[in-house]
Ligand SMILES: Nc1ncnc2c1ncn2[C@@H]1O[C@H](COP(=O)(O)OP(=O)(O)O)[C@@H](O)[C@H]1O
Ligand SMILES: [Mg+2]
Ligand SMILES: [Zn+2]
């Protein structure tokens, strides 16, 4: 997911709450996470098993090796330390271009291969990427209250720091508008994390059951063939997709990702078949594929 919005709109806050709605780790998953931490030398002496999903938020000054892994004797980087958990990259455009581009392979494959002259090492890297960014250098482009003082050229340059191929691999593009005082002082509270988590766990349980014996646990890890099997859509949805591909210039990869997201939206609604409303919603989450300006 990538969140885009002005300073103070709550992007960092939302990202940090993510672990509170993630499904619990199974024992096997806990073992996997623990192994990575052990190889990285990041396990405390007192820790025998890591039983919570990792949440990592490296600073944008991090080196390529620190982010994706590397070194003379290859070591796992942050993308592996967030295996089966969350990798939060705040202020995404501030990260080094090379480091960001290096995320592409692991985002597709769930593993990272590091090649040095003498050794090649592979580490798991099935992380959930959560990124946040302002829409422009000053932060207020598109804001309804404050005025942006950046030139179109500056805005374009800023947004171009996130390459098309990287955006292509991000399923959910979310615009986070600034919160007005009234909304903040409103006594009405939203849904609690525990209520949301219940819904997430139910959707996950559906997926676990669906993929039993298929070697995967959740929608995100479907192969192209599995997408064809489990995300069949009707003619109306097909039409929506075709229109989106034409209008947004979506790649085949983006199309498959939209189908996976549609499947997840259906699962969250406890529906067996993917409906056109689910596909339409999934398409909406690709707003950055269009140029913003
Ligand atoms: N939707 C919201 N509901 C409640 N508080 C919020 C909301 N959005 C922002 N805040 C408050 O504003 C602060 C700044 O938000 P932050 O997440 O740092 O914004 P951003 O990362 O978008 O710049 C938060 O710590 C929180 O106290
Ligand atoms: Mg922030
Ligand atoms: Zn601006």
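So for the pair residue 49, residue 228, with labels modelled 7 Å out along Cα→Cβ, what separation do we get in nm?
Rounded to a tenth, the inter-label distance reads 4.0 nm.
Comparing 145, 52, 176, which has the greatest mean-square fluctuation in the GNM of the chain with Cα pairs linked when under 10 Å apart?
Most flexible of the set in this elastic network: 145.
Please check: in the Gaussian network model of the chain (C-alpha springs, under 10 Å), which one of 75, 53, 97 has the largest mean-square fluctuation.
Among 75, 53, 97, the largest mean-square fluctuation in the Gaussian network model of the chain belongs to 97.
Evaluate the relative contact order of the chain (contact order divided by residue number), counting alpha-carbon pairs under 8 angstrom at least 6 apart; express in whole percent. Write down the numbers at each step before the final one.
Working: 445 pairs, mean separation 57.7, N = 293.
Once normalised by length, the contact order is 20 percent.
From the Cα gyration tensor of the chain, with a ≥ b ≥ c the square roots of its eigenvalues, which class applies: rounded if a/c is under 1.5, or else prolate if a/b is larger than b/c, or else oblate? Spell out each step's value before the answer.
Values: a/c = 1.36, a/b = 1.11, b/c = 1.22.
Because its axes are fairly even, with a/c under 1.5, the chain counts as rounded.
Under 11 Å from a point 7 Å along the Cα-to-Cβ line of residue 179: which residues of the range 1-17 have their amide N that close?
8-14
Does the range 1-152 classify as rounded, prolate or oblate by the C-alpha gyration tensor (a ≥ b ≥ c root eigenvalues; a/c under 1.5 gives rounded; else a/b over b/c gives prolate, otherwise oblate)?
Details: a/c = 2.78, a/b = 1.60, b/c = 1.74.
Oblate is the answer for the range 1-152, as a/c is 1.5 or above yet b/c matches or exceeds a/b.
So what's the projected area for the range 193-289, the Cα convex hull averaged over all directions, in nm²? Show your work: numbers first, answer last.
Working: hull surface 25.6 nm².
Quarter of the Cα hull surface area: 6.4 nm².
At 7 Å along Cα-to-Cβ for each site, give me the label-to-label distance between residue 271 and residue 32 in nm.
In this crude label model, residue 271 to residue 32 measures out at 2.9 nm.
How many angstrom lie between the Cα centre of the range 91-136 and the Cα centre of the range 217-235?
After rounding, the separation between the Cα centres reads 25 Å.
Express in nm, to one decimal, how much length is gained between residue 167 and residue 109 on full extension, taking 0.36 nm for each residue of separation and deducting their alpha carbon distance.
On the way: separation 58, 0.36 × 58 = 20.88 nm, distance 1.59 nm.
My answer for the length gained is 19.3 nm.
We did not get these values from a lab; they are worked out from the coordinates using the rules stated. For clarity, every value in this text was computed on a predicted model and none was experimentally measured. Neighbour counts are summed over all protein chains in view; Cβ atoms, including those assigned to glycine, are modelled from backbone coordinates with ideal geometry.
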